[in-house]
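Undergrad: My structure is below; once you've seen it, I'll send some questions.
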Amino acid sequence: ARMLEAGGAVLAVDDLQWLDDATLECLTYTLARGRLRLYCTVRRGEITATLAARLSAWGAQTIRLEPLSLEGTQALLSSLIGVAQPFPVFSQWLHASCGGNPFFALEVLKNLFETGRLHITNGEWHSVLDQISRDYAEFEMPETVHDLVLRRVAQLPIEAQRVAESASVIGQRFETTMLTALTGFTSSSVTDALETLELADVLRPSGFRHDLMRQAIYKGLSESRRMALHAGAAELLSLEPL
């Protein structure tokens, strides 16, 4: 506690949900000494009962950060190179793919620049797909985002994981009845799993939170599971599996 206090009057902790009980106990003791102000970030879908109790005991004030809007994504792109252009088509793709998540957006941009698929010339964004793409959907997700999504999903109950996997095969929009038939779970279990996935910010009522989530879960499927899910979905749709 004395070491933390020696660093200044403010302590910033990122991803509070990842801290173990011993570290949380240390923070509780340090805050009780009254010499330190704590600022932290936490994923609202990953607040356990234990962590919620800690936050309540600390008297924490919560500020909920919503995803970036399309205009916010355009402002982010413009600010990165110091121009006022909105880059409408590219920013619409980035916003739709990342769901307004700033971290995902920056990781996607970083990956596109590092691989040479995106560059800046005379203050304008250019990509290798400008002349052939209508919506830039051909761009793939970077591994950093892929790993982060899979790590988050792996922490969920197995029923929620299986429902998410089935939904990733069906597509961005899916029906509960189809998920019930594809997973073999009861309707009640699927509904509970969907609620869990919404709380974890993987899904929203109309589909995946953003397409990067769906891509990551789909890419993380084993070949045998992917084939089985495709075959099951095709059968449900009265189609021949590809």
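Undergrad: For D15, what accessible surface area do you get with a 1.4 Å probe? Give it in Å², rounded to 10.
TA: Here the residue's solvent-accessible area equals roughly 30 Å².
Undergrad: Sticking with this one: Using just the helices of the chain, give the 222 nm mean residue ellipticity in deg cm²/dmol: DSSP H runs with n ≥ 4 each add -39,500 (n - 2.57), and the total is spread over all residues, rounded to 500. Write out the running numbers ahead of the final one.
TA: Numbers: 12 runs with 132 residues, N = 242.
It lands at -16500 deg cm²/dmol.
Undergrad: Ignoring ligands and nucleic acids, what accessible area does I158 show with a 1.4 Å probe (Å², nearest 10)?
TA: That residue has around 80 Å² of solvent-accessible surface.
Undergrad: How long are the three semi-axes of the equivalent ellipsoid for the chain, computed from the Cα gyration tensor as the root of 5 times each eigenvalue, in whole Å, largest first?
TA: 35, 29, 14
Undergrad: Same structure again: At a 1.4 Å probe radius, carbon and sulfur cover how many percent of the accessible area of the stretch 61-102?
TA: Details: 1490 of 2440 Å².
Answer for the stretch 61-102 is 61 percent, counting heavy atoms of protein chains only.
Undergrad: A further question follows. Between A60 and R44, what is the spin-label point distance in nm, taking each point 7 Å from the Cα along the Cα→C-beta axis?
TA: Here the modelled spin labels are 1.3 nm apart.
Undergrad: How much accessible area per residue does the stretch 1-105 have, counting only protein heavy atoms and a probe of 1.4 Å, in square angstrom?
TA: Values: 6470 Å² over 105 residues.
Averaged over the residues of the stretch 1-105, the accessible area is 62 Å².
Undergrad: May I pose another question? Tell me the Kirkwood radius of the stretch 38-85: reciprocal of the mean inverse pair distance over distinct alpha-carbon atoms, in Å. Write down the numbers at each step before the final one.
TA: Details: mean 1/r = 0.0739 Å⁻¹.
Value: 13.5 Å, from the Cα pair sum.
Undergrad: Quick check for me: using +1 on Lys/Arg Cβ and -1 on Asp/Glu Cβ, what's the dipole size of the chain about its Cα centre, in debye to the nearest 20? Spell out each step's value before the answer.
TA: Working: 21 positive and 29 negative charges, 135 e Å.
Its charge dipole is roughly 640 debye.
Undergrad: Would you mind getting me the FRET efficiency between Q155 and V13? Use the beta-carbon distance for r and R0 = 25 Å, nearest 0.05.
TA: Numbers: r = 19 Å, r/R0 = 0.77.
So the FRET efficiency works out to roughly 0.85.
Undergrad: Right, something else. Under a point spin-label approximation (7 Å from Cα along Cα-to-Cβ), what is the E195-S79 distance to one decimal in nm?
TA: Each label point is offset 7 Å from its Cα along the Cβ direction, giving 3.8 nm.
Undergrad: Could you please put L51, L31 in sequence from largest to smallest accessible area, using a 1.4 Å probe?
TA: Numbers: L51 5, L31 45 Å².
Ranked list, largest accessible area first: L31, L51.
Undergrad: Would you mind computing, in nm to one decimal, how far apart the modelled labels at A6 and R204 are, each placed 7 Å from Cα along Cα→Cβ?
TA: With each label point 7 Å from Cα toward Cβ, the separation is 4.8 nm.
Undergrad: Moving on to the next point. If the chain between S187 and E143 were fully stretched, how many nm would it gain, using 0.36 nm times the residue separation less the Cα-Cα distance?
TA: Details: separation 44, 0.36 × 44 = 15.84 nm, distance 3.38 nm.
So the chain would gain 12.5 nm between S187 and E143.
The values are calculated or read from the model by the stated rules, or taken from the named source; none is laboratory data. Quick caveat, the model's predicted, so the values are computed rather than measured. Cβ sites come from the backbone with ideal geometry, for glycine too, and all protein chains shown count toward neighbours. Quick note on the areas: whole protein, heavy atoms, side chains included, nothing else; ligands and nucleic acids left out. Shrake-Rupley method; radii C 1.70, N 1.55, O 1.52, S 1.80 Å.
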